[in-house]
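First comes the structure, then the notes that go with it.
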Amino acid sequence: LADGTVLQASYALRPADGRGRALLHASCDGGESWECRGVVAEDPDGGAGFLEPGLVQAANGKVFAFCRTTGLKGRVAVACSRDSGATWRPWRSTAAIGHPCDALPLPDGRLLVVYGRRHPPFGVRARLWDADKERFVKGPEIVLCDDAPSPDVGYPWTLALPGGDIAVFYYVAARNGLRGIAAAVLRP
């Protein structure tokens, strides 16, 4: 954050039902010590679980947590904080079906949200997020890879490159279990 606070999202499984809830931790001393700031997303009724949240701060200051889910047919859930993570608006399910997300702020204020696709065709997809309207931009998914040999694919990591290109690195496993790292370059 602008004041030097470092935020880190995590998740914890509830002993009663094994469903996850997304949590937010903060460090005001560069990572020497951490405090739990609270719950980002949970479903007290137990229908949905929230795992592996991807945390990002948009240019407008809002902090978004894009969560892998259980109980929502693979849909990505998103929660938003307008006060640097002190409080969170109720989570919402999105139209994107993906497993863990990474989000990168773009120069125009939108976010590039990238996620693995573990349903045929296996691969990696992305969508643009409007940080002001707090929703995905209308339009088709961006297909980065649709020929992964197995559903064991994803965990993307995005990086803005000099000149404006975006590198997306992701993990992919062959049918025989061999794992590797692949990459795609986007030219927005």
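Please treat every number below as a calculation from the coordinates, not as lab data. In this text, all values refer to a predicted model and were calculated from it rather than measured experimentally. Glycine also receives a Cβ, built like all others from the backbone with ideal geometry; neighbour counts cover every protein chain displayed.
For the reader, a short list of remarks on this structure follows.
- Using C-alpha pairs under 8 Å with a sequence gap of at least 6, the mean separation divided by the residue count of region 1-68 gives a relative contact order of 28 percent.
- Taking a ≥ b ≥ c as the square roots of the eigenvalues of the Cα gyration tensor, region 146-188 is classed as prolate, since a/c reaches at least 1.5 and a/b is larger than b/c.
- Tensor-based shape of region 1-152 (alpha-carbon gyration tensor, a/c under 1.5 rounded, otherwise prolate or oblate): oblate
- Total formal charge among the other residues, if their Cβ is under 14 angstrom from that of Ala2, Lys/Arg +1 and Asp/Glu -1: -1
- Sparsely packed trypsin sites (Lys or Arg not before Pro) within region 48-144, loop by DSSP, other Cβ within 10 Å at most 16: Lys73, Arg82, Lys133, Lys138
- Mean separation of Cα contacts under 8 Å, 6 or more apart, over the residue count of the chain: relative contact order %: 12
- Considering only the Cα atoms of region 51-96, their convex hull presents on average a projected area of 3.3 nm².
- Rounded to the nearest 20 debye, the dipole size of the chain about its Cα centre is 640 debye, using +1 on the Cβ of Lys and Arg and -1 on the Cβ of Asp and Glu.
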